[in-house]
Amino acid sequence: MIVILKKDPDQQQLQHFRQWLEARNVSIHPTVGLNQTIWGLVGDTSHLDINLIAALDVVDDVKRVQEPYKNANRKFHPADTVIRVGDVEIGGGTVTLIAGPCSVENEEQICQVALQVKAAGAHMLRGGAFKPRTSPYSFQGLRAEGIRLLSLAKQVSGLPIVTEIMDASQLDCFDDVDVIQVGARNMQNFELLKVLGELRKPILLKRGLSATYEELLMSAEYIMAGGNENVILCERGIRTYETYTRNTLDITAIPVLKQLSHLPVLVDPSHAAGRYKLVPPLARAAIAAGADGLLIEVHNDPEHALSDGPQSLRPEAFDRLAGELRGMAGLLGRKPQPGEAAEAPAAG
Ligand code: PEP
Ligand code: MN
């Protein structure tokens, strides 16, 4: 249920209303805007009499929220959520580029790629240490050592780091990690989501291979219900009948998720396509459709990559793509990242 309060409400009546709700085990999530204050009511609101609430002097309007996700719902929080990681702003009109290899393989590889993607304009470095592989005989990632090398690359490049967690028992390794990724295969690992809800670190939540929008938002809700509101959604392609590509990028997910939720929406064209040549056009399409940024696999030697070489861009190709995306962002009137100049629209 959402309650829109009157402007300048009587404070004593407001306090009574608050106590009345709390006595009914309903918690209040206020959003204070310039023109109006909204109270999102979370808990079992089915027994609340909507007419009684609407009749209160302090209440302008009251609506039942049909969707089962509350904290993630844009009705509860009309403004875009902006998640800050160091100097980077994710959401709220910026374009955030996260780039790096599928897996951290060795010190030279991760440090070199970090410097190359940084020079190309990436805002964060990605790299898998704990890898969810379809085959148990495939490279499983360097695990704790992989995160140590990622930290080193962070020091060398100055880029914040993003890496995937597969199980809550790995959390001790994640102290220096800036954004924790939950992969597609773990989107509905509810026990893991609950543990991540206790943190305040940003969580990059990837859409499951066959998850609906509502299921993705309910997984975000699991994290947010624990108090961690720093959730970034990520569309990474879904399973369809098409076998030419690894998955099918669901472009529709971008405007839909942004309408339903205030959370930032990133797109991973690499895992959607499975082929490096498709990554630039899909990346451009995602930004044109309103994505808040991209997660792109970049490798300095894709032929010899230990995972996902065929879908990895070389650093030079990423550099070209990043330049094009900056141009697009300027044309689309997207907000520059703090400290970055706005891209001048192309002349002519
Ligand atoms: C990844 O980002 O390396 C990854 C494994 O992604 P996904 O969970 O989308 O398959
Ligand atoms: Mn990968």
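Net charge near Gly227: determine it from the other residues with C-beta under 14 Å of the C-beta of Gly227, scoring Lys and Arg +1 and Asp and Glu -1.
On the way: positive: Lys70, Lys194, Arg200, Lys201; negative: Glu198, Glu221, Glu229.
Summing Lys/Arg as +1 and Asp/Glu as -1 gives +1.
Probe of 1.4 angstrom, ligands and nucleic acids ignored: what's the accessible area per residue over the chain, in square angstrom? Kindly include the intermediate steps, with their values, before the conclusion.
Numbers: 15610 Å² over 348 residues.
Value for the chain: 45 Å² per residue.
First compute the accessible area of the range 147-195 with a 1.4 Å probe, then give the percent of it belonging to carbon and sulfur atoms.
Working: 930 of 1970 Å².
Here it works out to 47 percent.
So what is the 222 nm mean residue ellipticity for the chain from helices alone, if each DSSP H run of at least 4 adds -39500 (n - 2.57) and you divide by all residues, rounding to the nearest 500 deg cm²/dmol? Don't jump to the answer; show the numbers that get you there.
Working: 10 runs with 107 residues, N = 348.
Taking each H run of at least 4 residues, the total per residue is -9000 deg cm²/dmol.
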Highest mean packing first, using Cβ neighbours within 10 angstrom, the peptides 159-168, 30-39 sort as 159-168, 30-39
The distance between the Cα centres of the range 101-171 and the range 33-66, in whole Å, is 45 Å
Of Cys173, Cys111, Cys234, the most mobile residue in a GNM of the chain (C-alpha springs, cutoff 10 Å) is Cys173
quick note, the chain, DSSP beta bridge pairs, % antiparallel (nearest 5) is 40 percent
Whole-percent carbon and sulfur contribution to the accessible surface of the range 227-330 (1.4 Å, no ligands, DNA or RNA) stands at 55 percent
Taking 94-106, 76-88, 312-324 and ranking on average Cβ neighbours within 10 Å, highest first, one gets 94-106, 312-324, 76-88
Here the relative contact order (percent) of the range 1-148, from C-alpha pairs under 8 Å and at least 6 apart, is 18 percent
For Leu41, the net charge from surrounding residues (Cβ-Cβ under 12 Å; K, R +1; D, E -1) works out to +4
Listed residues Asp308, Asp178, Asp44; largest mean-square fluctuation, Gaussian network over the chain with Cα springs below 10 Å, found at Asp44
With all protein chains present, the range 1-96 has a carbon and sulfur share of its accessible area (1.4 Å probe) in percent of 47 percent
Net charge near Val117 (other residues with Cβ under 13 Å of its Cβ; Lys, Arg +1; Asp, Glu -1) is +2
Expected unfolding gain across Lys335-Thr134 under the 0.36 nm per residue rule, minus the alpha-carbon gap, is 68.5 nm
Treating only Lys and Arg (+1) and Asp and Glu (-1) as charged, each at its beta carbon, one finds that the chain has a dipole about its Cα centre, in Debye to the nearest 20, of 500 debye
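The values are calculated or read from the model by the stated rules, or taken from the named source; none is laboratory data. Just so it is clear, the model here is predicted, and its values are computed rather than measured. Heads up, the Cβs are rebuilt from the backbone with ideal geometry, glycines too, and the neighbour counts pull from every protein chain shown. For the accessible areas, the whole protein counts, side chains as well, though only heavy atoms, and no ligand, DNA or RNA atoms are used. Shrake-Rupley method; radii C 1.70, N 1.55, O 1.52, S 1.80 Å.
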